[in-house]
Amino acid sequence: MCGIAGSINYALDIPTLTKTMYHRGPDEQTTYRKGNVELHHHRLAIVDVAGGGQPMHYQQFTIIFNGEIYNHQEIRTRHQLQCQTSSDTETILHAYARLGKECFQEFDGMFALCILDTEKRELLFVRDRAGKKPLYYYKDDGHLIFASELNAINTQVKLSINEEHLRQYVRMGYFYKEATPYKNVWELPAGSIATISLDTVEVKLQKWWDIAAIYKKQGEENFDQALETVDGMLHQAVKRRVESSDLEVGSFLSGGIDSGIVSAIATQYNNKLKTFTVSFEGEYDESPLARLVSERYGTNHHEIRISFDSLATDIEKILSNYGEPFFDSSAIPSYYVSREARKHLTVILNGDGGDELFGGYRRYVPFAKFDFFNSGFIVKNPARLMHNIMPVANNKKSKYNYIYRLIDFARKDGLAAYLSATIDSFEGYENRLVTSLNYLRKVQIDFEKVNQSGESGLKKIMHLDFDSILAGDLLVKMDIATMAHSLEGRSPLLSRELLEYVPSLPDKFKIQRGQTKFLLRKLAERYLPAELINQPKRGFEIPLKKWIDGLLKEMIADYILSPQAYCRQFVQPGFIEDIWNRKLDCGEEKRAKMIWTLFALEVWYRKCYLK
């Protein structure tokens, strides 16, 4: 796990770059120059601590690499690669020299990498299937700069704002695929390759992996066989992620089934596994459920009690770490959890991806029965009438809120229905936003491709969530939260084998009789106490409404109520005051999300852009 950066036709400010990215690789920092190319590497040494330094060279290739390839020893054996170290970085180099771009299809791992080919005079950028590891690049006036974090690029060149992408962020709550808040700065999309000429600095993009192809496959129809296959794949994924490290690997252990299964299986490959459960003062405490799993498997268990007493002091730093406006308030507990876990170890397993692959969100239940993206007037008209007479919902986890949200997105068309069913922040108040004709054009085009795919309603929304929310929000959150503390997070549920198998399975294996994650819950019966298996999905219990009206009220008011606030450019006059003073007929949860979206935008503008 590391941080990478580099340039073509541009002299990097290495001391500033090192300072900005030090947390991504405190063990070693190295710069390599060849002609008009600079490559910079920050190393967090985990695999082959002694011999895995970068940049690494082989034949005409030089590589800098951020991530881990968990099956790299298998690839060496399969292709009889003659390597000199035990580093997965060297495996990538030799595999690429032997197989070319096809080698990436064989990798089970998380990676964002750059390969310099001196014979072809080109750079190659490659990013993993799900987008676990980030890579951003700036291109303008014949030069190019790239880095693992936006803040690193922002220290190297004066950037200007892309207001079109910020309009997209305000509406959606995250940046979609390649979009960033800056002009001429792009994120390499998940599952993509970019080839850049050293002579013309032309960038050519192509997809090397797309989950759409997996959703189109006819999957296993026998439930018992699918259960056994998933069990075997999970064992393989966890085993690789435990054993592919020279350092100790622990596991997050919540009261949920995803991390519970991962931790249970991990004890078969590390009988002294350290597990970590966190709870927050005044919120739901999952530690008793996690303790049941720990006691069953005899893990070295740590219960970490997190206080938000210092949140007012920390919040600007937490949000600024992202280098872009970041809406997801669960970034806050993720930051504190990662900080505490890093005191004990450097590598930790998590359950990321389980909901998106196996069907863990409540919104998936109605889509398993009906395609709400193409519901027609017979559904929409009654839904509109009902929505007009229903009182707004205030309790996020109530049955009434579930029904209210269902009626809300059932009355809408296409992309608007998707945004209502998922983030649902400014939905219903689009007319109070300052927008433009094409600000959602890319999102709309991709949505229509999925909507016209012939997939079921459930497959459509899960497909969209994987491509947009998982890649643009959830994985971004965990990468920045963990790496801010030089902690590596590993996600067995996003293994190559599971990604290329689970999406093809029938809908009834994911949602059945109104129960989410049906197959995974059945698998959990083999590993977890009964008390955990049918618990509802909780995630981090974020007291966002309390923060906005209490602990952070004065700070947020100073940011967004100022007449000079930058975020005011994206909403109609008086709208912020209407939200703040509760003059809108919306639920408290929705009010909090709208305020937080604008607050995160304003913090980014002042602390990252204007700094």
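Listed values, structure above:
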| read-out | value |
| --- | --- |
| Lone unmet requirement of (1) surrounded by fewer than 20 Cβ atoms within 10 Å (Cβ to Cβ); (2) touching a His at 6+ places or on another chain (Cβ under 8 Å) for residue 92 | (1) |
| Criterion (under 26 Å from the mean Cα position of the chain (by Cα) and either surrounded by fewer than 22 Cβ atoms within 10 Å (Cβ to Cβ) or outside the structural domain of residue 249 (by TED's automatic domain parsing) (or both)) met by exactly one of 126, 49 | 126 |
| Matching residues, the range 212-241, being farther than 22 Å from residue 292 by Cα and buried (at least 23 other Cβ atoms within 10 Å of the Cβ) | 230, 237, 240, 241 |
| Any hit, the range 163-173, residues being buried (at least 21 other Cβ atoms within 10 Å of the Cβ), over 21 Å from the mean Cα position of the chain (by Cα) and not in a loop (DSSP other than H, G, I, E, B) | no |
| Hits in the range 565-611 - residues which are touching a residue at least 24 places away in the same chain (Cβ under 8 Å), of a type in the set (A, V, I, L, M, F, W, C) and not in a helix (DSSP H, G or I) | 565, 571, 584, 586 |
| Residue 503 vs. criteria closer than 26 Å to residue 328 by Cβ and touching a residue at least 12 places away in the same chain (Cβ under 8 Å) | yes |
| Strands (runs of 3 or more DSSP E) enclosed by the range 239-343 - at least 2 residues per element that are of a type in the set (S, T, N, Q) | 274-280 |
| Residue identified as more than 17 Å from residue 336 (Cβ to Cβ), among the charged types (D, E, K, R) and in contact (Cβ under 8 Å) with a residue 60 or more places away in the chain among 248, 316 | 248 |
| Selected residue [hydrophobic (A, V, I, L, M, F, W, C) and touching a strand residue (DSSP E or B) at 6+ places or on another chain (Cβ under 6 Å)] from 357, 349 | 349 |
| Criterion violated by residue 5 - all others in (1) among the small types (Gly, Ala, Ser); (2) within 30 Å of residue 498 (Cα to Cα); (3) under 23 Å from the mean Cα position of the chain (by Cα) satisfied | (2) |
| Selected residue (only one of 231, 224, 246 is in contact with a helix residue (DSSP H, G or I) (Cβ under 8 Å, 6 or more places away or on another chain) and among the charged types (D, E, K, R)) | 231 |
| In the range 401-432, residue modelled with the lowest pLDDT [restricted to those that are of a type in the set (Lys, Arg) and in a helix (DSSP H, G or I)] | 405 |
| Out of 494, 487, sole residue that is crowded, with 21+ Cβ neighbours inside 10 Å, closer than 17 Å to residue 190 by Cβ and not assigned by TED's automatic domain parsing to the domain that holds residue 21 | 494 |
| Residue check, residue 298 out of contact with any Gly (no Cβ under 6 Å at 6 or more places or on another chain) and at positive phi | yes |
| Matching entry among 179, 147, 190 (being hydrophobic (A, V, I, L, M, F, W, C), over 16 Å from the mean Cα position of the chain (by Cα), buried (at least 20 other Cβ atoms within 10 Å of the Cβ) and outside the structural domain of residue 567 (by TED's automatic domain parsing)) | 147 |
| Count - residues of the range 1-40 that are part of a loop (DSSP other than H, G, I, E, B) and within 29 Å of residue 120 (Cβ to Cβ) | 9 |
| Test for residue 393: is it modelled with pLDDT under 85 and either more than 24 Å from residue 414 (Cβ to Cβ) or outside any helix (DSSP H, G or I) (or both) | yes |
| Residue among 556, 560, 542 that is in contact with a Cys (Cβ under 9 Å, 6 or more places away or on another chain), β-branched (Val, Ile, Thr) and on the phi < 0 side of the Ramachandran plot | 560 |
| Candidate set from the range 330-383 (those that are basic (Lys, Arg) and out of contact with any His (no Cβ under 8 Å at 6 or more places or on another chain)); member that is surrounded by the fewest Cβ atoms within 10 Å (Cβ to Cβ) | 343 |
| Among residues of the range 195-214, those that are within 19 Å of residue 475 (Cβ to Cβ) and either assigned to a strand (DSSP E or B) or modelled with pLDDT under 95 (or both), counted | 1 |
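Quick grid of which residues meet (1) over 30 Å from residue 302 (Cβ atoms); (2) in contact with a Ser or Thr (Cβ under 6 Å, 6 or more places away or on another chain):
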position: 174; (1), (2): yes, no
position: 199; (1), (2): yes, no
position: 206; (1), (2): yes, no
position: 210; (1), (2): yes, no
position: 218; (1), (2): yes, no
position: 242; (1), (2): no, no
position: 250; (1), (2): no, no
position: 253; (1), (2): no, yes
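The values are calculated or read from the model by the stated rules, or taken from the named source; none is laboratory data. Since the model is a prediction, treat every value here as computed from it, not as a measurement. Don't worry about glycine lacking a Cβ; one is built from the backbone with ideal geometry, like all the others, and counts go over all protein chains shown.
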